[in-house]
Amino acid sequence: MSYTIVHDAAELVVGPADDLSGGVDTDSVTLEAGGVLDTRSDAAVVLEDGIVIEIGSSDELVRQYPIENAAAAVDATGQCVLPGFVDAHTHALFVGDRSDEFEAKLRGQTYQEILAEGGGILRTVRRVREASEQELRDRLLEHLDVLLAHGTTTVEVKSGYGLNTETELKMLSAIDGADDEHPVDVVATFMGAHAIPEGADADDYVDSVVEDQLPAVADQGIAEFCDVFCEEGVFTLEQSRRVLEAGATQGLTPKIHADEFERLGGTRLAAELGAASADHLLQSTDWDVRALLSADVTPVLLPGTAFGLGEGYPDLEPYRKRGAVPAIATDFNPNCHAPSPGFAATLACVGMGMTPAEAVVGITERGAAAIDRDRASGGAGTLTVGAPGDLVVIDGSSHRHLPYNFGVNVVETVLKAGEIVVSRHP
Ligand code: NIG
Ligand code: FE
């Protein structure tokens, strides 16, 4: 028996649970939306063959699984152990530098004005078209190192800086290559409908996404989801429907960027098509949230984007009153250069009024739900028995220390599939 043990944790976060029955410890934290975050004190977790095989009292588990016989042991005295973070919305594959746009926005230019002038996404597209697949893969590997150091063990990465078949395929192939080489699990989303290429007519471009890009992407067999930027000045509701329906026909599960700047009806479309998630939702109403939740579409909120754009944060009340915790993701991209889920959790707390427990659920179990990696399909985002051995040890005695600390990285140790992949104190 070759096991790894993480022992003597001041707190171990198991994941959300419906109630206090079924072995959930009374240390657990009540969630405002209902249910509890199951946490254990003085706890240990034992991993074998890449998965969690036991959680419980550290004293008992250390007796049963002696430290000296372990393949590896992590002493988490005074620290908190959390499920590995699942970042469900990123555009983490990009090259080039758009820091000057950060300054232009501070001077009053809007995101949409920059895009309309051929900057923003279109600028990254020019740079990505020039790059070789090797350059793209190397850049993504560098980004994955940063994400992993901040506790992300599973990440969704979108294409969408190619906007033609050749470059979209190149991006997806680079994503696949980086996934093979790196401990972080990378989930690929095709987003040919991220912007209208310079000089193109929107309807003609949608034709090419549906007729040329999507069949080629399906043939390539890397992408799992199909996403669209449903927004004023980008893709209309009808164009978004065409893309997502065509994607679904090719076996790609829909996702949608909805209600970021204008409320075009993307949430209703997501509900109707059974999308895995609807993301951004800055302008969404109570009605929209109800539509998403009743269709079991996971809402994904991106507080880093709202923060970076100086936009208001979404209201949590429509979620809370329906007993729901939305997923929280980083949206790491050249417009939101913030790859840390811990920082997104801070913003979710300070900007949106989430409790630390809710924010932790948002970047773990809810994030997994948004990319179909939750308990029903592999169990990322929790530390329940049978879940992947993906976990993060932070320098802080409880989960509160994650959002409480900002501007510093409190992640000390990361295990992926039972292996220690980050250790700041070897
Ligand atoms: O999710 N809103 C659209 N897409 C990205 C931004 C991509 C970019 O500006 O490069 C987002 O925020
Ligand atoms: Fe996005």
Task: Packing-based order for 265-274, 407-416, 321-330, 357-366, using average beta carbon neighbours within 10 Å, highest first - done: 357-366, 321-330, 265-274, 407-416
Open item on the list: Could you tell me the calculated FRET efficiency between residue 2 and residue 142, based on Cβ-Cβ distance and R0 = 30 angstrom, to the nearest 0.05?
Closed with: 0.40
Open item on the list: To the nearest 20 Debye, how big is the dipole of the stretch 190-282 about its Cα centre, given +1 on the beta carbon of each Lys and Arg and -1 on that of each Asp and Glu?
Closed with: 400 debye
TODO: Quick one: grab Rg to one decimal and Dmax as a whole number for the chain, Cα atoms only, in Å.
DONE: 21.0, 68
Open item on the list: 7 Å from Cα along Cα→Cβ at both residue 68 and residue 322: what's the point-to-point distance in nm?
Closed with: 5.7 nm
- [ ] Calculate the dipole size of the chain relative to its Cα centre from +1 charges on Lys and Arg beta carbons and -1 charges on Asp and Glu beta carbons; express the result in debye to the nearest 20.
- [x] 580 debye
TODO: Would you please name the GluC sites (Glu not before Pro) within the stretch 143-227 that are DSSP coil residues with at most 16 other C-beta atoms within 10 Å of their C-beta?
DONE: 198
Open item on the list: Show me, for the stretch 386-402, the HN-Hα J-couplings you get by feeding each phi into the Karplus relation (A = 6.51, B = -1.76, C = 1.60, θ = phi - 60°), rounded to Hz, glycine and proline as x.
Closed with: x, 6, x, x, 10, 8, 10, 10, 10, 7, x, 7, 8, 4, 4, 5, 5
Task: Antiparallel bridge percentage (DSSP; both residues within the chain; nearest 5) - done: 55 percent
Open item on the list: Multiplying the sequence separation of residue 290 and residue 212 by 0.36 nm and subtracting their Cα-Cα distance, what value in nm do you get?
Closed with: 24.5 nm
TODO: Taking 7 Å along the Cα-to-C-beta vector as the label spot, tell me the residue 203-residue 417 distance in nanometres, rounded to one decimal.
DONE: 4.8 nm
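Read-outs throughout are calculated quantities, based only on the coordinates presented, and are distinct from any laboratory measurement. Computed from a prediction, not measured in an experiment: that's the story for all the values here. Positions of Cβ are generated from backbone atoms using ideal geometry, with glycine treated the same way; all protein chains shown enter the neighbour counts.
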